[in-house]
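Participant: What follows is a single structure, and I will ask about it in a moment.
The values are calculated or read from the model by the stated rules, or taken from the named source; none is laboratory data. Quick caveat: nothing in here was measured; it's all calculated off a predicted structure. Glycine gets a Cβ as well: all are built from the backbone with ideal geometry, and neighbour counts include every protein chain shown. The protein model used for the area step is the full one, side chains on, heavy atoms only, and it has no ligands, DNA or RNA in it. Shrake-Rupley method; radii C 1.70, N 1.55, O 1.52, S 1.80 Å.
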Amino acid sequence: IQTFYNRGVLVERAIGTVSRALMEATVLVLVLLVLFLGDLRAALTVALILPLAALGTFILMRQFDLSANLMSLGGLAIAIGMLVDAAVVVVENIVTQLHDGAQAKARLPRLHLIYRAVHEVAPPVTSGILIIVIVFLPLLTLQGLEGKLFSPVALTIVFALLSSLVLSLTVIPVLASFLLGQGGHGDPWLVRLLGRLYLPALHWGLRHEKLVILTALVLLVGAGALYLLLGKAFMPTMDEGDLIE
């Protein structure tokens, strides 16, 4: 009885840790959105994808009889940072279209500008999300213990990404029509600062392309050599007196 109680306490602590990591990741994503978008309304519009995508993920998990366990919640925590990718592109293009339409004093309706903005970025956004989904699909072919451990993670990530894609192309434009202002906004201070640091490095790299390529190859070979020296094991060695089936 004591053994089962200890296991229950460990599982509860593990799920609590994953839930806390999920909340911390959400807060971090919100802060980064405000810093990089530089527009509170745009950041709020993008941030709304997080609870909606999580809701869509849980619905799909329910349909596929996947429980909210340690591994599936861990997969959702991993996917948090990727859920806003499509929404960021969509919202930024909507802001640009609204800004350009206002400057040109176009007589096009506001909803038509939003539709045109979403239509422009829909193919690349869909392609980008599907590429990420394809990366995780091989995990679904694992069998045995590996499959039991990693299949819920892969399924949850796939469900979350597909939910975010559908919502970014349907719900987010509708929310943007209510939340976004008419005018555009310039680059925030953080983006301008990073640009001042990045552009000189980019120009230097273009002027010394052979050195850059050689350095990249040396680092690649070095990383491969270090990889061969690392120990490799599927599960760490543990002596807890338990049997893993």
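Participant: Can you tell me which residue is nearest to V191 (Cα to Cα) among those in segment 32-54 that are open to solvent by 70 Å² or more (accessible area, probe 1.4 Å) and free of Cβ contacts under 8 Å to residues at least 40 places away in the same chain?
Facilitator: At the first step, the residues of segment 32-54 found to be open to solvent by 70 Å² or more (accessible area, probe 1.4 Å) are 32, 36, 40-41, 44, 51.
Next, only the ones that are free of Cβ contacts under 8 Å to residues at least 40 places away in the same chain stay: 32, 40, 51.
On the way: L32: 11, L40: 15, P51: 27 Å.
In this case the residue turns out to be L32.
Participant: Can you name the condition, by its number, that S127 falls short on among (1) out of contact with any helix residue (DSSP H, G or I) (no Cβ under 7 Å at 6 or more places or on another chain); (2) modelled with pLDDT of 90 or more; (3) open to solvent by 70 Å² or more (accessible area, probe 1.4 Å)?
Facilitator: In the conditions (1) out of contact with any helix residue (DSSP H, G or I) (no Cβ under 7 Å at 6 or more places or on another chain); (2) modelled with pLDDT of 90 or more; (3) open to solvent by 70 Å² or more (accessible area, probe 1.4 Å), S127 misses (3) alone.
Participant: Is segment 136-149 home to any residue that is assigned to a helix (DSSP H, G or I), of a type in the set (A, V, I, L, M, F, W, C) and crowded, with 17+ Cβ neighbours inside 10 Å?
Facilitator: Step one: list which residues in segment 136-149 are assigned to a helix (DSSP H, G or I), which gives 136-141, 144-149.
This time we only want the ones that are of a type in the set (A, V, I, L, M, F, W, C), so: 136-137, 139-140, 145, 149.
Then keep just the ones that are crowded, with 17+ Cβ neighbours inside 10 Å; that gives 136, 139.
Yes, some residue in segment 136-149 is assigned to a helix (DSSP H, G or I), of a type in the set (A, V, I, L, M, F, W, C) and crowded, with 17+ Cβ neighbours inside 10 Å.
Participant: Please indicate, with yes or no, whether at least one residue in segment 55-74 is closer than 28 Å to G181 by Cα and surrounded by fewer than 16 Cβ atoms within 10 Å (Cβ to Cβ).
Facilitator: Yes: one or more hits.
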